Amino acid sequence: MKILIMALALFISGNVLQAQTNKKVETGKGKKATTKKVVKPAKKTSINYKTTKNGLGYYFFTENKKLPLPVAGDQVNVHFTIKTDNGNELNSTYKMGQTVPVQLGPTTVYADPIEGIGMMHEGDSAVFRMLTDSVFKTLPEIPEPAKGSKYMYMYVKAYSITKEKDIIREPEVVDAPITEGNKNNQMAMDEELIQNYLKEKSLTSQVTPTGLHYVMTNQGNGEKPKKGSTVSVHYKGTLLNGKKFDSSYDRDKPLEFQLGTGMVITGWDEGIALLSRGGKATLLIPSALAYGRQAMGNDIPANSVLLFEVELVDFK
């Protein structure tokens, strides 16, 4: 899933420790129910964290010491969820339906979670603790869901490790320095592409001051979500040539995120805020409001205009 642009994949939970309970799990229609141990968080039990020299608190729930550790340059594929110590969940790859690759490298940031991921074997699960102020110190302000919290906790499950030599890389492109001139040129090219698309599809769009085009197919009912609202959104994302790169409909599960807090691309923060509950629209997002000059794997080239069919399922 390529919508989220958080600085790092975090699997976080506030006051979490293993508390095993028994739960009946149906293995399939007509099959006998089996008993499976499920790990649940214990609210009042504290964890005895160790601390790295770089200030990262860590605790391993599962540690496969017989397996090799990754080294700098290797890629660790992880699942995560983000929460603060006041119980607010910020994000989760489980809701996205796929793991996130994290490539290991030098850690120069205080309490850098990449340092913790570098200590994980394949199959390990661990929790990393960081000061909230340190996590967001480079932002103008702490996102609303994290305000008032002292710590953020990063629960990580390492699913697989890819050696650096086996990572599939895109050809390196040396970008020209960013200037006001080439930024304006790219905006003009994006606008031309969008206008050509609208003409080809016989569509009429509305446009915001930032250059976001949208075609409202269903305004929805009632009030619109505000900054900080947790929104639930179904979507399909394509390039203007029709190539699909992602879809929540394929997973039969909408994406949840906090609106207006930088958890998604700018075009989404702006576009979803235009909808009421049940509303549907087509968003035509210029590259400056998407990923800009950064390519996203093999699916989204640099400087791509993105098209999203979105549906605001609910918000709270």
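Every residue in the range 183-202 that is surrounded by fewer than 14 Cβ atoms within 10 Å (Cβ to Cβ) and not basic (K, R), please. Full working, then the answer.
Quick first cut of the range 183-202, residues surrounded by fewer than 14 Cβ atoms within 10 Å (Cβ to Cβ) only: 183-185, 188, 192, 195-196, 199-202.
Listed by number, the residues that qualify are N184, N185, A188, E192, Q195, N196, E200, S202.
Check G148 against each of (1) more than 14 Å from P70 (Cβ to Cβ); (2) at pLDDT 80 or above; (3) surrounded by 14 or more Cβ atoms within 10 Å (Cβ to Cβ) and name the one condition it does not meet.
(3)
What helices (runs of 4 or more DSSP H) completely inside the range 71-145 contain at least 1 residues that are in contact with a strand residue (DSSP E or B) (Cβ under 8 Å, 6 or more places away or on another chain), under 18 Å from G57 (Cα atoms) and touching a residue at least 40 places away in the same chain (Cβ under 8 Å)?
Values: elements: 93-96, 113-117, 132-135.
Those helices (runs of 4 or more DSSP H) span 113-117, 132-135.
For the range 224-236, indicate whether the set of residues that are aliphatic (A, V, I, L, M) and more than 20 Å from A302 (Cα to Cα) is non-empty.
Looking through the range 224-236, at least one residue is aliphatic (A, V, I, L, M) and more than 20 Å from A302 (Cα to Cα).
With farther than 25 Å from N88 by Cα and among the charged types (D, E, K, R) as the only criterion, which of K253, K243 stands out?
Numbers: K253 fails: farther than 25 Å from N88 by Cα.
After ruling out the rest, the residue left standing is K243.
Filter the range 249-291 down to the residues that are modelled with pLDDT of 90 or more and among the polar types (S, T, N, Q), then identify the one that is nearest to the chain's Cα centre (by Cα).
T266
When you look at V231, is it among the β-branched types (V, I, T), surrounded by 14 or more Cβ atoms within 10 Å (Cβ to Cβ), at pLDDT below 95 and part of a strand (DSSP E or B), yes or no?
Working: among the β-branched types (V, I, T): yes; surrounded by 14 or more Cβ atoms within 10 Å (Cβ to Cβ): yes; at pLDDT below 95: yes; part of a strand (DSSP E or B): yes.
The answer is yes for V231.
Go through (1) of a type in the set (S, T, N, Q); (2) without any contact (Cβ under 8 Å) to a residue 24 or more places away in the chain; (3) in contact with a helix residue (DSSP H, G or I) (Cβ under 9 Å, 6 or more places away or on another chain); (4) over 22 Å from M187 (Cα atoms) one by one and return the number of the condition Q258 breaks.
Against the list (1) of a type in the set (S, T, N, Q); (2) without any contact (Cβ under 8 Å) to a residue 24 or more places away in the chain; (3) in contact with a helix residue (DSSP H, G or I) (Cβ under 9 Å, 6 or more places away or on another chain); (4) over 22 Å from M187 (Cα atoms), Q258 comes up short only on (2).
Kindly list, by first and then second residue, each pair from a residue in the range 236-252 that is over 17 Å from P286 (Cα atoms) to a residue that is among the hydrophobic types (A, V, I, L, M, F, W, C) and in a strand (DSSP E or B), limited to pairs with Cβ atoms under 7 Å and residues at least 6 apart or on different chains.
S248/L255
Filter the range 209-223 down to residues that are assigned to a loop (DSSP other than H, G, I, E, B), surrounded by 11 or more Cβ atoms within 10 Å (Cβ to Cβ) and either of a type in the set (G, A, S) or modelled with pLDDT of 95 or more (or both), then give me how many there are.
Step one: list which residues in the range 209-223 are assigned to a loop (DSSP other than H, G, I, E, B), which gives 209-212, 219-220, 222-223.
When the remaining residues are screened for being surrounded by 11 or more Cβ atoms within 10 Å (Cβ to Cβ), the result is 210-212, 219-220.
Next, only the ones that are either of a type in the set (G, A, S) or modelled with pLDDT of 95 or more (or both) stay: 211-212, 220.
Total satisfying the criteria: 3.
The values are calculated or read from the model by the stated rules, or taken from the named source; none is laboratory data. Please read these numbers as outputs of a predicted model, since none were measured by experiment. Neighbour counts are summed over all protein chains in view; Cβ atoms, including those assigned to glycine, are modelled from backbone coordinates with ideal geometry.
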